[in-house]
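Report on the structure given below.
The values are calculated or read from the model by the stated rules, or taken from the named source; none is laboratory data. Keep in mind that this is a model prediction, so the values were computed, not measured. Positions of Cβ are backbone-derived with ideal geometry, glycine not excepted, and every protein chain shown enters the neighbour counts.
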Amino acid sequence: MNDKKSPSQKTSQNHTSQLILDILPAPSYAPNQFIESPLNQEALSAIKAWPNWPFPILSLYGPKRSGKTYLSHLWQLRSLACFINIEEGQALLSSDLRETPSSHFILENLSLSPKNEKFLFDFYNWILEKKKFLLITSLTPLSQETYTLNDLKSRFKSLRAIEIKSPDEEILLKLMQRYFEAARLYVSDDLLKFALLRLERSFETILNFCENLNKTALSTHRKVTLSLVKLVLEEK
């Protein structure tokens, strides 16, 4: 028996997959949808305190999908800050004018390397010189990174660094409920708790499970039942 799919079958399957991706919930960064908790309260308070920061550069760190991007967008709404990456920052500093319409910047998911230390040192000084503001997010505290440039090390060690802590069961359940509300997919709390007991307690694992369950329900046209939850758990 020939199990190979015809070109038309492959095209149909790809089209279906794309349709599913198109109707999955897009990330929402609405202020009223942010899940506040003791885990992120200090970081959220710092965002709300802007522009009355004690220092123009703030560092947030925490595990993947813990809300750092959400907090960055909340600050962007307040400050009209511009998201930039290392390459864009280097281009900005190398330009003749060194000017930009934005007075504030966000460097997300910063990962230090010897290649970008010189830029970060120059960018740090430029932010202070131009009286701008900078928000940096990373997985780990910048003070614990290994540096080849001691001047950068001393500057980053002096920054205010706020940790977004690992989640507890209550927060993860709220996160799952919020995800499926946005996806307009009904999943009972009993099923969510069943899954939660069998998943690693991390933001990344929980959100990956939610996305996989949503995709599976859409692609199979099935309601979310215990058997479907078990199926997705087995595939993780």
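So here's what we get for this one:
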item: Qualifying residue in segment 193-215 (condition: outside the structural domain of residue 45 (by TED's automatic domain parsing) and among the hydroxyl-bearing types (Ser, Thr, Tyr)); result: yes
item: Residue satisfying condition, being touching a residue at least 24 places away in the same chain (Cβ under 8 Å) and surrounded by 18 or more Cβ atoms within 10 Å (Cβ to Cβ), within set 141, 167; result: 167
item: Flag for residue 106 being closer than 30 Å to residue 173 by Cα, without any contact (Cβ under 8 Å) to a residue 40 or more places away in the chain and of a type outside the set (S, T, N, Q); result: yes
item: Yes/no for residue 134 being surrounded by 16 or more Cβ atoms within 10 Å (Cβ to Cβ), at pLDDT 95 or above and more than 30 Å from residue 208 (Cβ to Cβ); result: yes
